[in-house]
Each structure stands twice: as C-alpha cells, then as structure tokens.
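Colleague: So that we are looking at the same thing, I have put the structure below in structure tokens.
Each reported figure results from applying straightforward, stated rules to the coordinates on display, with no laboratory input. Since the model is a prediction, treat every value here as computed from it, not as a measurement. Note: ideal-geometry Cβ built from the backbone for every residue, glycine included; neighbour counts use all protein chains shown.
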Amino acid sequence: MTAVAEAKIRKRVLPSPVTGQEVVLVGVIVVLWAALAVSTPAFLTAGSIQPLLVATAPVALIGVGMTIVIITGGIDVSVGGAIMVCSVLTAKALVEAEVGLAVAVLLSVAAGGLLGLVNGVLIAYGRVHAIIITFGTANLFMFLGLRIFGSGTVNGIPGTLAFFGRGPDGRTLGVPHAFLITVLLTAAAWWWLRHTAGGRHFFAIGGDAQAARLAGVRVQRRVLSAYVLTGLLVGLASCFVIAQGTSTLDQSVGAGKELAVIAAVVIGGTSIMGGRGSVLGTLLGALLVQSVASGVTQLGWRSQLSDLFVGIFIIVAVGADLLRARARRNR
Amino acid sequence: MSRAVRILLTQRIALLAVLIVAVVVTFFVNDAGGYLTAPYDFDYMSAALITAVPLAMLGLAEMLVILSGRGGIDLSVGAIVSLAGMVFGFAYGEWGWPLWLAILATAGFGALLGAVNGFLVSYIGFPALIATLATFYAYKSLAIVINDQQPISTEPIQELFSISRSVELPLFGEYVPDVPLGIFTFLLPTVVAVWVLLARTAYGRRLYAIGTNDVAARWAGLPVKDTRFKAYVYAGLISGLVAVVTVGQFASARPDAGVSGNGMALPAITIAVLGGVAITGGIGRVAGVVLATLLIVWLNAGILLAFVGNEGSQYQLLALGAVLVFAALLNGLTNRRYGGSAS
Amino acid sequence: MTDETTPRLRLTAISKRFGAVRAIQHADFTVRAGRVHALVGENGAGKSTMIKIVAGAETADSGRIEFEGVTAEIRSTTDAIALGIATVYQEPQLFPELTVAENIFLGREIRSTFKKVDWSAQNAKVVELLELLGLPERYATAEVGTLSVAEQQQVSIAKALAADAKVLILDEPSAILTDAEIEVLFDVVRRLTAAGVAVIYISHRLDELFRIADEVTVMRDGRTIGTYPIKDLSVRQIAHLMVGEELSDARPHREVSEGPAALELCGLGRTGKFRDVDVTVRAGEIVALYGLVGSGVSEIAACVYGIDRATHGQLLVDSTQVNIKNPEHAQRLGIALLPANRKVEGMFGFQSIAFNISAGHLKLLSKLGVWVDRAREKAVALKLIERLAVKTPHERQPISAMSGGNAQKVILARQLVERPRVLVLAEPTQGVDVGAKEEIHRLITELAEEGTAVLVVTSDLPEALRIADRIQVVRGGTTTDEFGPDASQVDLLAAAAGGSE
C-alpha cells in the first residue's frame, strides 16, 4: 500500500464526526438567538446568556448518561427521583455537617452512583424492560428523598457550592463553571463513545443485543455501566441544582426532570429504539430547549408557553428523522 | 401445592386477589391491636374508593394503548386531564352549558387530543413514547396558557363537588357502607364499557390481534393502523371523563390538575403494569387493572392510618414502587420458568 | 503446512437424529484447500444439518471430523471459529449503525493507548481484506446500514475471513443477489480459493455451480449420494441424482372440469422482484407455482394478496381486472392466503385456537359487525377443528402450545371460514410433520373438488407434483415452463434450477 493511500485511510477512519441533526440544531439555535437578539436587545448580553447556560447544565449533563442508556435500547425515568435524593442528601450535609465543596460533590456523586447501580442491576440481570423497572425505582427514590427531607424544606443552605452557581463565584472569564464542566464531560463522553471499544459496544447492544453477545460483547456489564454512569452524573447535576437555587430546597426538586432530559436527548437526534445517538446532539437539544424558555420569558410571554415549543420540537426532530429513514428505505 | 404456586405466579388476577386479602387482613389486625390512628373498617375502605376513580380509569386508558403493541404507551393522559378539564371549566363554569353537554364536549375534546397521539403513532409511525412525550408538553402548556394560569372555580363548578360525596345504596344500603357517587357515575360505566369493548366486540379482538402480532394481523386482513389509532382515541376519551371527575373533586378546573407533582400518567402506567398488562402488547385484562387499583387504594388508605402526618403519603410511594418492581421481576421469573403465560 | 493430498476438512460416517427423524445417516464429505465444493440436495435432504454440524451449531451423534488430517471435536460455534471454519448465512448478521471496519472487529478490537480503538490499524487490515476480495476501499468506513444487501453480504464474507478462515461456508449466497451482484460474488470466491481457502458452496441454482464449483456432493434423504467433479455432470444429471429413483407417485389423475378462470395474472411484475408473470387458475383447479428460494415466487403471492402492489401487468379475478389495495380488499374479492412464514405472518402466539381462526373474519362472526357472536365463533372453530383433524382438547388452547403441523392447520382453517373462491397457499407444509402434510394435501384436493381455485406457491418439488393439476415453473423472477401432473421430478428441477441446455 502506498503512503498516500495509507494517509487517506487514516484520515477517513470513521464516518463524519458530526451528524446532520447536530448541524440543523446549531442552525436553529443560531437563528433563534439572532431573532431574539433583534427583538429584545437585552438578550445578547452576559446577564442573559450566563443564566441560560447555567440553567442548561443539569439537564445536559444528565442527558449524557441518558443518551448512552437510550443508545443501549433502554430508558431511565427515575432520574427525577434520583435528583431529589442526591440534592436533599447533599443539602442536609451542607447545612447540618457543614461539609466542604469536595466532600459535598463526592457524597452527591456517590449517592447518585448507588441509585444508578440499583437500576442497572435490576435491568441488566432482572431481564425486565427498563421503563417498568425505572417507573418502580422512581417511586422508591422519591420515597427515599422525602424521608430524608423529613418535613417541609431544607433551609439555610450555605454558599459552599457557589462554584457551580449563578453568582460571580460560579464563573471564570464570564463562562459559568457548571456549563463548562458539562461541555468538558460531554466532550469526554463523545470521545469515549466514538473511540473506545467499550463506547462502540453500546451502539452494538442497542442494534442487536443478542448478536452483540455472540460477538463477545459483555452485554450485561455494559448495560449496568450505562445506568451507573447516569446515576453518577445525576449526582453531579444535583450539586448544580442546589447551587443554582436559593438557600432553601423544597420537595418539588427534580419533579418532571426525567421528561425534560428525555426531551433533550430526543431533540438531539438519539433514536429511542436504540443503536444510534450522540451526546453532542443532546447538549445542543438541552441548549435549544433552554434558549426557547429564556426567549419566551424575555419576550414577556407566559413562561409555560415554552413547553408547547418543546413539544413541537420533539415532533419536528423525530418526524424529520422518520421521513429520512423512510426515504432511505425507498431508495 | 406446586400447582397453587404456579397459578399464583402465572395468573396475575389470582396473585392480586391474594395480595388484596393479605393487605386488608393485615390492616384489620393492626386496627384491632390499636396500632392505627383511625379505624380501618368497611366504611373507611369504601370512602377510600373515591381515589380509585381517576386511578382505575386512567389505568384502563393506559391498558388500551399498551395492548395495541409496538411499544404503546401514553405519557400525555395527565396533560389531557388538565387541558380537557379547563375546557370543561369554560363550557360548564363560564359559558353555562348544560352539564350533560359539557361532559360530552369534554369527553369529545379528550378524544380529539387522543386522536393527535394516535395519528402520530399509528399513521406517521412515531414511537409512542416520543409522540406522547411531545403532546404531554404541548397539552400541559396549552392548559396553563389557555386561561392565563388561572383556575376556573365559578359557582356551578363549586357545586360539582357533590360528585365526590358518598351515597347510600338502594334496597340494602343500610347494611353496607355508603359508596362514593363517582364510582357509579364514572368508574363503573367506564369499567363495563372497556370490558365490553375488549371482551365482546370485534374491535377488542382486533386490538388483541395487532398487539399480539402486528405482521400476522396485516396478513389476516385486519385494519392495523385504524385499530391502533382508535386505542389512543379511546384513551383520550377516558382521560376527558377523568378531567370532569377531577374538576368535581377539586371543585375547581385547575390548569395543572393532571400534571402537578409526578402527574397522573406514571401512576396510571404503574397500575396497568401491576394489573398484568404486558408492556409488549396483546396481554391484559380489565379485571387485572381493577384489582390492581383496589390493591393500591386500600394499601394506601391503610398506610395513611399507620403513620402520623405526611409520613403516610411518603410510605405510599414506597409501597407503589416496591409492588411494581416486585411484580415486574416476578413477570421476568415466570416467563423464564413457565415460558410465558396468556393471562 | 499440509500437502496436496491431505484434505482441509473430512467428515466420515456422520449421523444425526432429531427425535425420531434421521436428519443425516452415514454421510461422508471431504473438502480440499483452494477448491469450491458445492453441496446440493432438495429441501429436507440434510444439507443444512450438515452445515450446522461443520459450523458447530449442532453436534453429530456419531461419525468423525478431521481438520487438516487431525481428528477435531466441534462442540460449539466457538470451536469451529477457532479451527478457522467461518459461515456466512443468508441473512447478514451485522450492525447497521456501525461502520464496516467496526462490524468486522466487533468484540475483538485492536486497541492502542487509553483503551482507544486503533482505527488506522483496524482499517488498514480491513482494506487489505477488501483488496483481497476485490472490493472498494471506501467500504471500510461506510456505515453498514447504507450498503445494499449484496454489499452487506460481501462484508459478512470479509468478517468471516478476518478470523483467518480456512474453510468458508456460503449458505445460499446467490438467493438474494441480482445477476450482476452474483458476478461480483463469484469473483470474490475465486480470489479466496486462489488464496488457499476451502469454500463450501450451497445453492439451489444448479446452473451457477458449473461456473464456480470444482466438485459437487449430492445429498438425498439424509445420505450423501456421491461426490463428483462438476465437469463430469450436467444439470439434468445432478437433478437426477438429487431426486433419485423416480417414485411411481400413484396419485389418481384428477378430472378437472373446464371451469371459468377464477384468477389470472397477465404479465404481472413488480420492479426489482419479478416480471412478466402469466398464470391462470380455473375454478376447481390446483395450480402450483414452483420456484427455488430467491426465484421471486413468494413475492408473487404477496402481490396477489395485496401485501405489495404490482407495478406492471394485470390481475384478473373472475375475468374482471382488479387493483388489489390491501389484504382486506383481497378478502372481499374472495381471495384467501395461507402465509409462508407461520410464526411471523400467521400465528397470534399466546391467543386461543378460536381467536386465531376468527381473526380475519370478525365482520362475518359479529352481530351488526360489532358484537362478536361467541357461540357462532365457537361453532365455526369446532367445525373446522374437526374438518382439519386438529389435535387439541378444546378450542381455547393457545396456538403457541401446539405442534407445527397442528398450528399450520389452524392457520389454514382461518382461510376456510368464508369459503374463498381463490385460495393461495404459500409453502403450505413447511416445517410440518408427515401426517399433517398428508392431511393438508388431502384437504387441498377436497377444496378444489368443491370448486375453489387453488394456487400453491411452493419450493417443495414432490409437493408440487403430488397435488397440482398444472405446474408453472418460476425462474429468475418470471414464469418459464409449464408442466402437467405426469412430468418427472428431474424435468421440473432442471427447469427451475436453470438447466436450459
């Protein structure tokens, strides 16, 4: 083989790193931001963009784990309950034990990982569909979270986690840390999914678990790891949630977040049937949803109207994918 | 003995019946021992049934769409309850329509919202989870925006609270506890209608057929798409009726009635699965869903008396989650052990 | 190193039973390096069992396997792969979302630092393989889902070779390919043999064997009849060896009255599937469409029943041109169809016999088209259970608990509820025991005698000869020759397998 041919192969070892869905999403976000910038001059200012990025972080971060779970053909509807457990546990530790930043993060991540392990073991070894198991564990986690809450709210949370927060302590060079961490972890996950055997095996499992097993992929372990990873990320995201809130944490924390995360994943182009997806798309999906929410408020519309747009985005994103698949079949 | 175990493991209805008896006996014993904060007796059990009305109705709605197969599920039922409830609020509370017409219109509107789901899933080919996630967001948003976030609680709406009252049964009513009116006006008609639909009509047969084997149904000349579409329409229609019940219970049409907290869809799906409806489609019976509702309602009612303050509502979550995981793992086990079972 | 005289793989006196059925008896089979060895036989002759034993998917009850002169134990597919025996099945088992290179290396990736997959090393190997196969280099980084079926098959071959295959089994590789694609396949096979791989080639299309195979082993009734250099034989001779002694099929010649044509296919075609198909079935007549796997014969049946739409030609029912939109429409026109794939297209698994019979006839079995008339449903089910001699305690038995033959009878019963004018039967006795086969054949004859026009679509040669009044041979997607019931099996097989010389 000639050196030239070899170089050419080395350059094109994988299909294009960016999917069509991601390009479209970037386009939609750019157009949306431009439109908002024109209609409300306050939009393209640090005071508006920074909160937008901060608010995107938790959903996008959990979305990394959820994307991998969905790529394997599963789903996790218990993340709302898991957020509640991790955040109340951490908030209590901050208030009552006055733990430092590192301990708080470690505690939250460890708690999340443990909850993910429960899901993972039941799903990988119990041979029951993920949606049913996680509907069940969602209730169990909420019970656990409410028990830790005791009665009412957790009050007087100190600013230990301000590093992840909305304030000036939460930014470096104007970039919110929570968002930065999310972007870095998304990039790491993107590399891992694309360039390691372990990462590629998630796609194989989602394509055909039985065939993957025959090819020597350790399916159960891989599936387990996807749920544990999601749990770990829920733990970190819970720290973001505490830091972004006020000094009071109430019992509604995490409620409905599982659907928000799934929505971001789906808008990002990941197939709910498994085998195909991208964490980059999920980040963009989460950013788009948050941009709409932010835009709706800044335009002075009812904030809940943004949910209508989320619904429409899901239909359009998945509908376009369905049409593409149909066109491919008819080709 | 092993035969009895086998029946318990493979016949969901038998298992649920045994669990109900166990739950009721447990609380009766606890009551006799004085461990409960209030008496757990037939009157209490009967009054608790009011919470069974929306739960069982939405459980049946979920059952219809899950039965239709191909990953059938409806996450939007709670949002339909909210939105249809607001429509009912307008029609009956603001525009002064007669009650029967307002109920009819609300049910029809629910069916219309369900038709959107059905169209997306059956005719366009969306995965049900995605389509109904999208409409969940859309309907939820519309319900809040439609009346500028305000509930409707005009006088006619407030008077509807009477739906929730308990009534004495005719003839032998003095010997048995009073029963919530909603059981007779909404739940029983729905249970009977769904049972008749599934067990006695050609449509029911078609629904089981497409849920069991989509491809074979097509080769047998069945209208697969139309049948699946209608399952979502019926689910929407039932959700519309639940909207009326919910407005009555709250004495107010609340824009977040079906989606506040964890919403109504999750408990409804849980009830359906617990009642033995297979998530893969084609398997499930009305009796299973009804018994699963009774189990959860009476278990919850007992738990409320066993704990002080809001601890009770917390332990209800534990009970629901534990029962669901237990039932799901049991399904997995029986499928391996006995190679799957029909009912 | 092995010398010329040691065969790559030698099977001696192999036997295998499945319950009471002797799938293989005392079979011998020898494959040499650098040769293409064809294995032929009719359906049920034991080819696939033989292949499964070599591939490790089944274990022989007795007999000896030698690999390069050394006795080998093949107890699992892993054992076979370890020896260097690779199998490419008809349906490619690949992951559509992964690239070709990833598919080839799945589960045994080449890794560099940080557990990273060494893409360039993998791709370089894949490109080498593709070069060996004469395939374009761009395949390496293409997602499998974007490739055609033929290309996917080539990828499967490359995947098999990546494991350093010394014996490559190709199971009906040409069945899903067009003529041009078959040329590419042959080219690939020739390159492999030149590189010293022993190829076992299974095909129904006898004509192509003369272009690719060096030797042929013929199987019949679980025995290997013999191994011959291909150049010593003709298509007719191979067909003769496959069929064996012409059984005097003592079927009484049926008198078919000259009824009106019930179903006519005039120049029917569907782009890419079949073309210019002409068949006429009269009321009371049994016509067989006989074609080998991949001949397009099953696609024709799907078109008659409205599962697919024809793109060319005309379809006439009772001499009226119709454009059948869907199976429901076909049923209204009086056409019933027994699908070929019972489990996928026929059975409602965990539902009862009665449910399975009434499924396509709910309008008829309902009052006002709404309420299922359960008494009538039960009566109809019991009547058909009796008529078809379905062995079951009651009509509420779930069909998934029944034997293949009984389940097939239930699915056939469904087609008879409304007494169709035209009955299409696709592979009516596939995977059915001998007793049930007999009964189904008797029933088909009975139905014809009552005036039903029957079209049997089959790849089972004795079946076609046994029940049909006329046999239309389908080859290469079109109807070719027509035979009467007294045609010989050899003639039919030669016609279908391409012995036009």
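Colleague: For the range C:98-163, what is one quarter of the convex hull surface built on the Cα atoms, given in nm²? Kindly include the intermediate steps, with their values, before the conclusion.
Modeller: Working: hull surface 16.4 nm².
Taking the Cα atoms of the range C:98-163, their convex hull projects to 4.1 nm² on average.
Colleague: Now, a different point. Rank A:320, A:57, A:93 by mean-square fluctuation in a GNM of chain A with C-alpha springs under 10 angstrom and give only the top-ranked residue.
Modeller: Fluctuation is largest for A:320.
Colleague: May I ask you to derive the FRET efficiency for residue C:179 and residue C:323 from their Cβ-Cβ distance with R0 = 30 Å, giving the value to the nearest 0.05? Show your work: numbers first, answer last.
Modeller: Details: r = 30 Å, r/R0 = 1.01.
Once rounded, the FRET efficiency stands at 0.50.
Colleague: Could you work out how far the C-alpha centroid of the range C:371-413 sits from that of the range C:428-501, in angstrom?
Modeller: Using only Cα atoms to place each centre, the spacing works out to 27 Å.
Colleague: Run a plain Debye calculation on the range B:181-222 (Cα atoms as equal point scatterers, no solvent) and give log10 I(q)/I(0) at q = 0.25, 0.28, 0.30, 0.31 Å⁻¹, rounded to two decimals, same order as the q list.
Modeller: -0.77, -0.85, -0.91, -0.93
Colleague: On average, how many beta carbons from a partner chain sit within 10 Å of the beta carbon of a residue in A:208-215?
Modeller: Average neighbour count from other chains, rounded to a whole number: 3.
Colleague: What is the spread of the Cα atoms of the range B:147-305 along each of their three principal axes, largest first, in whole Å?
Modeller: 55, 48, 30
Colleague: Fewest to most neighbouring Cβ within 10 Å: what's the order for C:37, A:129?
Modeller: Ordered from fewest to most neighbouring Cβ atoms within 10 Å, C:37, A:129 come out as A:129, C:37.
Colleague: What residues have an amide H closer than 5 Å to that of residue C:220, excluding those fewer than 5 places away on the same chain, when H is modeled at 1.01 Å from N in the peptide plane?
Modeller: Sorted by chain and number, the residues that satisfy this are C:225.
Colleague: Which one, C:490, C:339, C:266, projects farthest toward the positive side of the charge dipole computed for the range C:264-497 from Cβ point charges (K/R +1, D/E -1)?
Modeller: Towards the positive end, the residue furthest out is C:339.
Colleague: Right, here's the next one. Of A:89, A:167, A:123, which is farthest along the charge dipole of the range A:89-179 in the positive direction, counting Lys and Arg as +1 and Asp and Glu as -1 at C-beta?
Modeller: Ranked along the dipole, the leading option is A:123.
Colleague: Among A:222, C:387, which comes first, second and so on when ranked by fewest other beta-carbon atoms within 10 Å?
Modeller: Fewest-to-most Cβ neighbours within 10 Å comes out as C:387, A:222.
Colleague: If I take every Cα pair under 8 Å that is 6 or more residues apart in chain C, average their sequence separation and divide by the length, what percent do I get for the relative contact order?
Modeller: 15 percent
Colleague: Now for a different question. Helix by helix through chain B, keep the DSSP H runs that span 27 Å or more along the axis on Cα and average at least 0.0 on Kyte-Doolittle, and give those back in order. Before the final figure, lay out each step's value.
Modeller: On the way: long enough: B:12-32 (30 Å, 2.20); B:99-118 (28 Å, 1.64); B:224-250 (39 Å, 0.85); B:286-306 (30 Å, 2.38); B:311-338 (39 Å, 0.47).
Helices passing the filter in chain B: B:12-32, B:99-118, B:224-250, B:286-306, B:311-338.
Colleague: Another one. On the Cα set of the range C:264-497, report Rg and Dmax in Å, please.
Modeller: When restricted to Cα atoms, the range C:264-497 yields Rg and Dmax of 17.4, 54 Å.
Colleague: For residue C:329, what charge total do you get from the other residues with a beta carbon under 15 Å from its beta carbon, if Lys and Arg give +1 and Asp and Glu give -1?
Modeller: +2
Colleague: Restricting to bridges with both residues inside the range C:344-492, how much of the DSSP beta-bridge set is antiparallel, in percent to the nearest 5? List each step's numbers first, then the result.
Modeller: Values: 7 of 12 bridges.
Of the beta bridges lying entirely in the range C:344-492, close to 60 percent run antiparallel.
Colleague: Once amide H atoms are placed 1.01 Å from N in the peptide plane, what residues at a sequence separation of 5 or more from residue C:481, or on another chain, have their amide H within under 5 Å of its amide H?
Modeller: Here C:473 satisfy the definition.
Colleague: Roughly how large, in nm² to one decimal, is the mean projection of the convex hull of the alpha-carbon atoms in the range C:357-438?
Modeller: 5.8 nm²
Colleague: Do me a favour and compute the ellipsoid semi-axes for the range A:186-331 from its Cα gyration tensor, root of five times each eigenvalue, largest one first, whole Å.
Modeller: 31, 23, 12
Colleague: Please average, across the residues of A:256-268, the number of beta carbons from any other chain that are within 10 Å of each residue's own beta carbon, and give a whole number.
Modeller: Average per residue, whole number: 3.
Colleague: Give the aspartates and glutamates reachable from residue C:378 as a straight Cα distance under 19 Å; neighbours fewer than 8 places away on the same chain don't count.
Modeller: Those aspartates and glutamates meeting the cut-off are C:386, C:395, C:418.
Colleague: What share of the DSSP beta bridges in chain C is antiparallel, in percent to the nearest 5?
Modeller: Values: 43 of 80 bridges.
Looking only at bridges with both residues in chain C, the antiparallel portion is about 55 percent.
Colleague: Quick one: which residues, 5+ away or cross-chain, put their amide H under 5 Å from the amide H of residue C:263? H built at 1.01 Å from N.
Modeller: Close amide H contacts, sequence-distant or interchain: C:281, C:318.
Colleague: Okay, next question. Suppose we look only past 24 Å in the calculated P(r) of the range C:362-501. What percent of the Cα-Cα pairs does that tail hold?
Modeller: Tail fraction, whole percent: 42.
Colleague: Something else about it: When the Kirkwood hydrodynamic radius is evaluated over all pairs of different C-alpha atoms of the range C:408-457, what value in angstrom, to one decimal, is obtained?
Modeller: This gives a value of 11.1 Å.
Colleague: Classify the range A:131-186 as rounded, prolate or oblate from the Cα gyration tensor: take a ≥ b ≥ c as the square roots of its eigenvalues, call it rounded if a/c is under 1.5, otherwise prolate when a/b beats b/c and oblate if not.
Modeller: Oblate, because a/c is 1.5 or more while a/b does not exceed b/c.
Colleague: About the Cα centre, and with charges only on the beta carbon of Lys, Arg (+1) and Asp, Glu (-1), how big is the dipole of the protein assembly as shown? Nearest 20 debye, please.
Modeller: Its charge dipole is roughly 1120 debye.
Colleague: By its C-alpha gyration tensor, with a ≥ b ≥ c as the square roots of the eigenvalues, how is the range A:19-118 shaped: rounded for a/c under 1.5, else prolate for a/b larger than b/c, else oblate?
Modeller: The shape class here is oblate.
Colleague: Further, regarding this structure: Please get the size of the charge dipole for chain C, origin at its Cα centre, with Cβ charges of +1 on Lys and Arg and -1 on Asp and Glu, quoted in debye to the nearest 20.
Modeller: 1640 debye
Colleague: A further question follows. Under a 10 Å cutoff between Cα atoms, tell me which one of A:204, A:188, A:82 has the largest fluctuation in the Gaussian network model of chain A.
Modeller: A:188
Colleague: Another question, if that's okay. Once a ≥ b ≥ c are taken as the square roots of the eigenvalues of the Cα gyration tensor of chain B, is the result rounded (a/c under 1.5), prolate (a/b larger than b/c) or oblate (a/b not larger than b/c)? Mind showing how you got there, number by number?
Modeller: Values: a/c = 1.70, a/b = 1.01, b/c = 1.68.
Note, shape of chain B comes out oblate.
Colleague: Oh, and also: Taking all pairs of distinct Cα atoms, average 1/r, flip it, and tell me the Kirkwood hydrodynamic radius of the protein assembly as shown in Å to one decimal place.
Modeller: So the Kirkwood estimate lands at 33.4 Å.
Colleague: Same structure, new question: What are the ³J(HN,Hα) couplings of the range C:273-289, residue after residue, when phi is run through the Karplus curve with 6.51, -1.76, 1.60 and θ = phi - 60°? Round to Hz, x for glycine and proline.
Modeller: Karplus-based 3J(HN,Hα) across the range C:273-289 equals 10, 7, 8, 6, 8, 10, 9, 10, 10, 8, 4, x, 10, 10, 10, 9, 9 Hz.
Colleague: Another one. Got a sec to turn the phi values of the range C:94-107 into Karplus ³J(HN,Hα) couplings, 6.51 cos²θ - 1.76 cosθ + 1.60 with θ = phi - 60°, whole Hz, x for Gly and Pro?
Modeller: Karplus-based 3J(HN,Hα) across the range C:94-107 equals 10, 9, x, 7, 9, 6, 4, 4, 5, 4, 5, 9, 4, x Hz.
Colleague: What distance in nm separates the simple spin-label points at residue C:211 and residue B:322, each placed 7 Å from Cα in the Cβ direction?
Modeller: 7.1 nm
Colleague: Take the Cα radius of gyration of the range B:228-283 and divide it by 2.2 N^0.38 Å, with N its residue count; two decimals is plenty.
Modeller: 1.31
Colleague: Treating only the Cβ atoms of Lys and Arg (+1) and Asp and Glu (-1) as charged, compute the dipole magnitude of the range C:1-137 about its Cα centre; round to the nearest 20 debye. Can you show the working numbers first?
Modeller: Working: 16 positive and 18 negative charges, 85 e Å.
So the magnitude is around 400 debye.
Colleague: Can you work out the Karplus-derived ³J(HN,Hα) for every residue in the range C:138-155? Use 6.51 cos²θ - 1.76 cosθ + 1.60 with θ = phi - 60°, whole Hz, and x for glycine or proline.
Modeller: Running phi through 6.51 cos²θ - 1.76 cosθ + 1.60 with θ = phi - 60° gives 4, 3, 3, 9, 7, 6, 4, x, 8, 8, 6, 4, 5, 5, 5, 5, 5, 5 Hz.
Colleague: Over the whole of A:124-134, what's the average partner chain Cβ count within 10 Å per residue? Rounded to a whole number, please.
Modeller: 5
Colleague: Given the options A:183, C:67, C:234, identify the residue whose Cα lies farthest towards the positive end of the charge dipole of the protein assembly as shown (+1 on Cβ of Lys, Arg; -1 on Cβ of Asp, Glu).
Modeller: Working it through, the farthest residue towards the positive pole turns out to be A:183.
Colleague: Based only on other Cβ atoms within 10 Å, what is the fewest-to-most ordering of C:400, C:62?
Modeller: Details: C:400 17, C:62 12.
Least crowded to most crowded, the residues run C:62, C:400.
Colleague: How tilted is helix C:434-449 with respect to the longest principal axis of chain C? Cα atoms for both, answer in degrees (0 to 90, nearest 10).
Modeller: Between the helix axis and the principal axis of chain C, the angle is about 40 degrees.
Colleague: Can you give the convex hull volume per residue for the Cα atoms of chain A, as a whole number of Å³?
Modeller: 171 Å³
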